[in-house]
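> The structure is given below, and queries will be raised subsequently.
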Amino acid sequence: MTIENISCNKSFGGWHKQYRHQSQALNCEMRFAIYLPPEAANKPVPVLYWLSGLTCTDENFMQKAGAQRIAAQLGIAIVAPDTSPRGDDVADAPDKAYDLGLGAGFYLNATRAPWNRHYKMYDYIVHELPALIEANFPVTDQRAISGHSMGGHGALVIGLTNPHRYSSISAFSPISNPSNAPWGMKAFTEYLGENREHWRQYDACELLKLAISEVPILVDQGDADSFLEAQLMPQTLNDIAKAKGYPLDLRMQAGYDHSYYFIASFIEEHLKFHSLYFK
């Protein structure tokens, strides 16, 4: 598959690069960013896939999180895809709402028209993008996954559903129980239909109840997050993990909100967490 480089910047001895390519899974042109640490010049390195939240692109995390310094030290590549399919013919919310359509792919495979023509973000993240990365860059097949908010939801769901593909999972402020959160209920109804049984495969709480393989999970949540009670509900996820004896560490961080200031404050600890589980 052909990829086109559209930017390149040296950072902490490594390289931040942006690419675009035609996605078969999403039936449109897509863009992603990759950070390659200095170590990648000499040997393949493991990869952390970062999934961003509502309204974001590949740029938010790479520009705001401050992850490159520690990724360079640890020898970890970071891949940041866009959050939805894009293009003039890609369906969007009729009212241009921020929580549906463009910028709001929710990392699932839509089954309802008009969304099912392009919105196959689950297939893109799990299959197409890693194959593209591993064919074109000096990386190994060792993968971890992380994300924020909607992307935290995506990281949990994808990691729990594919324990053989990821060595560890982490999330900042994830939508932990989307079947019972306004953001999730709106998106799931539009993308998947009204049958709530079809939602379970994309709800981290439901997946954790059924989990057999144990992929270690780290979740950071600010207690001053304005979305905490209505949208995120990490305590529900934590209660299920405790009941199962599942290795999930939920850390409530005093005074922190939903912003990238929060992510930048703890991203080093997340990268070090993932480095522990790379072979």
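The values are calculated or read from the model by the stated rules, or taken from the named source; none is laboratory data. Since the model is a prediction, treat every value here as computed from it, not as a measurement. So basically every Cβ, Gly included, is an ideal-geometry build from the backbone, and we count neighbours across all protein chains shown. For the accessible areas, the whole protein counts, side chains as well, though only heavy atoms, and no ligand, DNA or RNA atoms are used. Shrake-Rupley method; radii C 1.70, N 1.55, O 1.52, S 1.80 Å.
> Which sequence of Glu4, Glu268, Glu197 reflects their accessible areas, 1.4 Å probe, from the largest down?
The ordering from most to least exposed comes out as Glu197, Glu4, Glu268.
> Which value, in debye to the nearest 20, gives the size of the charge dipole of the chain about its Cα centre, when Lys and Arg are +1 and Asp and Glu are -1 at the Cβ?
In debye, rounded to 20, the chain gives about 600.
> Any chance you could count the Lys pairs in the chain whose alpha carbons are under 24 Å apart, treating pairs 8 or more apart or on different chains as valid?
Going through the chain pair by pair, I get 16.
> Rank these residues by their accessible area, most exposed first, probe 1.4 Å: Glu39, Glu194, Glu128.
Ranking Glu39, Glu194, Glu128 by accessible area, largest first, yields Glu194, Glu39, Glu128.
> So I have (1) 26, 23, 17; (2) 29, 23, 19; (3) 43, 23, 14, and one of them is semi-axes √(5λ) of the Cα gyration tensor in Å calculated from this model. Which one is it?
(1)
> Separate question: Calculate the length of the line joining the C-alpha centroid of the stretch 162-190 to that of the stretch 109-145, in whole Å.
The distance from the Cα centre of the stretch 162-190 to that of the stretch 109-145 comes to 16 Å.
> A further question follows. Hey, got the dipole for the stretch 75-161? About the Cα centre, +1 on K and R Cβ, -1 on D and E Cβ, debye to the nearest 20?
140
> Run the paramagnetic zone check for Asp89: 7 angstrom along Cα to Cβ, then residues of the stretch 2-43 with backbone nitrogen under 16 Å.
Flagged as within label range: 22-30.
> Between Rg and the Kirkwood Rh of the stretch 167-243, both from Cα atoms, what is the Rg to Rh ratio?
0.97
> Can you figure out the FRET efficiency of Glu59 with Lys272, using R₀ = 35 Å and their beta-carbon distance, to the nearest 0.05? It would help to have the intermediate numbers written out before the result.
Values: r = 24 Å, r/R0 = 0.69.
Approximately 0.90, to the nearest 0.05.
> Averaged per residue, what accessible area in Å² does the chain show with a 1.4 Å probe, protein chains only?
Accessible area per residue: 40 Å².
> List the residues, sorted by chain then number, that are 5 or more residues from Tyr49 or on another chain and whose placed amide H is less than 5 Å from its amide H.
Hits under the 5 Å cutoff: Val79, Ala144, Ile145, Ser146.
> Got a number for carbon plus sulfur as a percent of the chain's accessible area, 1.4 Å probe?
Ligands and nucleic acids excluded, carbon and sulfur reach 48 percent.
> How about the stretch 84-149: which trypsin sites (Lys or Arg not before Pro) there lie in a loop by DSSP and see at most 15 other Cβ atoms within 10 Å?
Sites meeting the loop and neighbour criteria: Lys96, Arg112.
> Consider a paramagnetic label point 7 Å from the Cα of Ala254 along Cα→Cβ; state which residues of the stretch 217-236 have an amide N under 16 Å from it.
The answer is 221-225, whose backbone nitrogens lie closer than 16 Å to the label point.
> Rounded to the nearest 0.05, what FRET efficiency do Ser179 and Phe12 give with R0 = 41 Å and r taken as the Cβ-Cβ distance? Could you check?
Details: r = 40 Å, r/R0 = 0.98.
Given R0 = 41 Å and the Cβ-Cβ separation, E is 0.55.
> Run lengths n ≥ 4 of DSSP H only: what is the helix-derived mean residue ellipticity at 222 nm for the chain, with -39500 (n - 2.57) per run over all residues, to the nearest 500?
Helix contribution divided over all residues of the chain: -8000 deg cm²/dmol.
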